[in-house]
1. Filter the stretch 94-115 down to the residues that are crowded, with 16+ Cβ neighbours inside 10 Å and not β-branched (Val, Ile, Thr), then identify the one that is nearest to residue 188 (Cα to Cα).
2. In the stretch 125-160, what residues are within 11 Å of the ligand (Cβ to nearest atom), within 22 Å of residue 37 (Cβ to Cβ) and over 10 Å from the mean Cα position of the chain (by Cα)?
3. Which numbered condition trips up residue 251, out of (1) of a type outside the set (Gly, Ala, Ser); (2) within 20 Å of residue 180 (Cβ to Cβ); (3) crowded, with 20+ Cβ neighbours inside 10 Å?
4. Could we say that residue 84 is away from the ligand (no atom under 16 Å from the Cβ), among the aromatic types (Phe, Trp, Tyr) and out of contact with any Asp or Glu (no Cβ under 8 Å at 6 or more places or on another chain) here?
5. Taking residue 222 as the residue in question, decide whether it is touching a Ser or Thr at 6+ places or on another chain (Cβ under 8 Å) and either hydroxyl-bearing (Ser, Thr, Tyr) or not in a strand (DSSP E or B) (or both).
6. If you go through the stretch 72-87 one residue at a time, do you hit one that is without any contact (Cβ under 8 Å) to a residue 12 or more places away in the chain, within 25 Å of residue 247 (Cβ to Cβ) and within 21 Å of the chain's Cα centre (by Cα)?
7. Cβ-Cβ distance below 7 Å, separation of 6 or more or different chains: which pairs start in the stretch 120-134 with a residue that is more than 13 Å from residue 213 (Cα to Cα) and end on one that is of a type in the set (D, E, K, R) and in a loop (DSSP other than H, G, I, E, B)?
8. Within the stretch 225-267, can you find the residues that are on the phi > 0 side of the Ramachandran plot and part of a strand (DSSP E or B)?
Amino acid sequence: MKKKNNSGFLSILFSAIFISILFLFFSPVLISQTQSLKESLQKWAIHDPNRPLPPVVTPGPPLLPVPPPSDAVVLFDGKNLFNWVDSKGQPARWKVEGDYMEVVPGTGNVQTKMGFGSCQLHIEWATPYPPKGSGQDRGNSGVFLMGLYEVQVLDSYENKTYADGMAGAIYGQYPPLVNACRRPGEWQTYDIIFHAPKFDSEGKLLKPARMTVLQNGILIQDNVELTGPTAHKARPPYKAHASKLPLMLQDHNHPVRFRNIWLRELE
Ligand code: MG
């Protein structure tokens, strides 16, 4: 009996030592990762054409679409735009065809009627085929969490642009870790884990927004800390906002398609 107690105590002791060693080993790695991300923001000017482009990784064969789990809020199932409005709150005027919605250039951004904060978002998108234009003028759209924080949608398949504006970039802040793009016209996925920023009652920032993004199942943003809302040629600071705001998709004058959009709210 006594012997048994001793071995229990020893195993707890060894576990504690093991966990401490793991922590000691990994915490400097985590801290240095965060530091290097911040340094990269200081090192490169916004949309800097000299910022290195991430390497190309070819995703595995598509297994699409990814059906929503039981606790998901289905925002678009291919049938209609009942859950979407334009920026003035009027019915969204994008085209619904087959199982997708398509940007109708000039009709403006569309956004969900409901607001969301922290969430896991699944969205599938395809840029036009045949491709047209180059750089930012090719298959441009965007997924804006809370209408403010953009994950860039762009045809970045053999199409060069500034690193912090390519597909999968947190626009103007972080290039994707790799270029995981499929060819234009092919369906691609984003799985986004978004943690909304937190503000106190006076509007002071308590916690910045964070994002993790997988494109076609490949990690392209690893829990990055956003500097504030995304913008063109600017990194504006945070401004206090509601804890839930609509998800927005961008009309950038290109007929980009979206389908199978669902999210799970997180707290
Ligand atoms: Mg865009």
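1. 100
2. Scanning the stretch 125-160 gives a single hit, 154.
3. (2)
4. On the way: away from the ligand (no atom under 16 Å from the Cβ): yes; among the aromatic types (Phe, Trp, Tyr): yes; out of contact with any Asp or Glu (no Cβ under 8 Å at 6 or more places or on another chain): yes.
So residue 84 fits the description; yes.
5. no
6. Checking the stretch 72-87: not a single residue is without any contact (Cβ under 8 Å) to a residue 12 or more places away in the chain, within 25 Å of residue 247 (Cβ to Cβ) and within 21 Å of the chain's Cα centre (by Cα).
7. What qualifies is 126/186; 127/155; 131/138; 131/155; 132/138.
8. The answer is 260, and nothing else.
Bear in mind these aren't lab numbers, they're just calculated from the coordinates by the rules spelled out. These figures come from a predicted structure and were not determined experimentally. No Cβ is skipped: glycine too gets one built from the backbone with ideal geometry, and neighbour counts run over all protein chains shown.
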